[in-house]
Amino acid sequence: MVSAVAVAIALSWLMAAPAAAAKSAHRSRPAASEPAAKPADGVAKVPLPQPRPADAPARQAAKGEDAAPRDAASGGPKADAQAPPPPSACRLALTEEVAIAPSIPPIKGPGGCGGEDLVRLEAVVLPDKRRVALTPAATMRCPMATAVVNWVRNDVAPLAERLGSAVTALDNFDSYQCRGRNNVSGAQLSEHGRANALDVQGFKLADGRLVDLTDRTQPRDLREAVLHAVCTHFSTVLGPDSDWYHEDHIHLDLMERRNNYRICQWDVLDPLPKVAPLMPAMRPDDAPPRETAEDGDVKGGKAAAKAGPAATPGVSAEKAAAPSESAADDGAAAEAEETEPAASPPAAQPVPAKSGGKRKHKNKS
């Protein structure tokens, strides 16, 4: 039994060996239908364009084409990078000889806030090279900064000299702030939101004095001089009595209006009068007692009873005591009426004849 199985296995192995050898031989031979590989020297070459001559004219970019992509491909600046705009004429004029005002990038805020050609005004340089600092530094447009510089150099500095000192600082109450007018939510955009305004409370002198422009106790001629100066340099000036929002500072801006209309509303107020205290002083403890109205009436009634009828001013005591003649005659007439019988009525008197009209008219006239 075992030998029969071994013989069957040997026969199956002998039959499978020739078939495997045939398959390997078939795989090793190339197929007759496949084309033979071409040699490397027979590969077709694609023609390339000739290099551009060095003396060829420069190419003109198509309309609207930007050279930035070519710069980016050649390893130059980025495609989205743009050269900064050239400085404005205002920026060129606002040199370090007149102000310390470095340029800052444009601001683009919500609702139209911000602006271009902005500077940070840190100090104003006077003709004698002294500096008037803005505390804190103010962010504003270049034209507004130029107006502030001209005002300080041409008006504030000479005014401080008349006061016997020199101006050293300008109080910046508010400059750029993205908000509505008068800080009212939803109101029209303020000039502060456009970086086109400055709020000033006063200026400081070298001797330590602080000139508050809304202080009633400051000299009136000083505040009026500042009023006339700012209304010359700025298109809008708002101060005390303009509205309830500018009682403690002066608002300045360069708002553009039709026909160059300007607003100058600042009432230079006089000092308030001295008012007496509302409550009276305390009554001293050693003061005599006060007489009340009831006590006065009682004492007056007792005095009148003792004195009798009041005397008439300008009449002597004898005349006041004696009855008048008319009163005596009336009393006598009353007694006669009681004792004597009534008298008969008097007889009718004849009526005199009327005189002429002419005579009557003469008597009337």
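The values are calculated or read from the model by the stated rules, or taken from the named source; none is laboratory data. These numbers come from a predicted model, not from an experiment. Counting neighbours? That spans all protein chains shown, and the Cβs are built from the backbone with ideal geometry, glycine included. For accessibility, only protein heavy atoms count, side chains too; no ligands or nucleic acids. Shrake-Rupley method; radii C 1.70, N 1.55, O 1.52, S 1.80 Å.
Please work out the Cα convex hull volume for the range 183-238 and give it in Å³ per residue. Kindly include the intermediate steps, with their values, before the conclusion.
Values: hull volume 6.9 nm³, N = 56.
Measuring per residue, one finds 123 Å³ for the Cα hull of the range 183-238.
Here is the list for the range 217-289: trypsin sites (Lys or Arg not before Pro) lying in DSSP coil, each with at most 14 other C-beta atoms within 10 angstrom of its C-beta, are ARG257, ARG262, LYS274.
Once neighbouring chains are kept in place and the probe is 1.4 Å, which whole percent of the accessible area of the range 116-221 is contributed by carbon and sulfur? Carbon and sulfur: 46 percent of the exposed surface of the range 116-221. Averaged over its residues, the range 180-263 has an accessible area of 52 Å² per residue, based on protein heavy atoms and a 1.4 Å probe.
Need the full-extension length gain, ARG257 to GLU97, defined as separation in residues times 0.36 nm minus the C-alpha distance. One decimal, nm. Mind showing how you got there, number by number?
Values: separation 160, 0.36 × 160 = 57.60 nm, distance 3.15 nm.
Gain on extension, ARG257 to GLU97, equals 54.4 nm.
Our coupling estimate for the range 202-212, obtained by passing each phi through the Karplus curve with A = 6.51, B = -1.76, C = 1.60 and θ = phi - 60°, is x, 9, 9, 9, 5, 7, x, 6, 10, 8, 8 Hz, Gly and Pro reported as x.
Over the range 232-285, what is the relative contact order in percent, taking alpha-carbon pairs closer than 8 angstrom and at least six residues apart?
Working: 62 pairs, mean separation 19.6, N = 54.
For the range 232-285, the relative contact order is 36 percent.
Heavy-atom accessible surface of PHE234, to the nearest 10 Å², is about 0 Å², with a 1.4 Å probe and all protein chains retained.
As a test of reading the structure, rank ILE9, ILE250 by solvent-accessible area (1.4 Å probe, protein chains only), most first. Don't skip to the answer; put the middle values down first.
Details: ILE9 105, ILE250 5 Å².
Ranking ILE9, ILE250 by accessible area, largest first, yields ILE9, ILE250.
Relative contact order for the range 153-233: what percent, with Cα pairs under 8 Å and sequence separation of 6 or more? Let's see the in-between values first.
Details: 103 pairs, mean separation 22.0, N = 81.
Reported relative contact order: 27 percent.
Ligands, DNA and RNA excluded, the heavy atoms of HIS228 present near 120 Å² of accessible surface to a 1.4 Å solvent probe. Accessible surface ranking for GLU256, GLU116, GLU122, GLU96, 1.4 angstrom probe, highest first: GLU256, GLU96, GLU116, GLU122. Computed from label points 7 Å out along Cα-Cβ, the spacing between ASP241 and LEU272 is 1.6 nm. Ordering 50-60, 139-149, 153-163 by mean Cβ neighbour count within 10 Å, with the highest value first, yields 139-149, 153-163, 50-60. Taken as Cα centroids, the range 179-250 and the range 101-174 sit 14 Å apart, rounded to the nearest whole angstrom.
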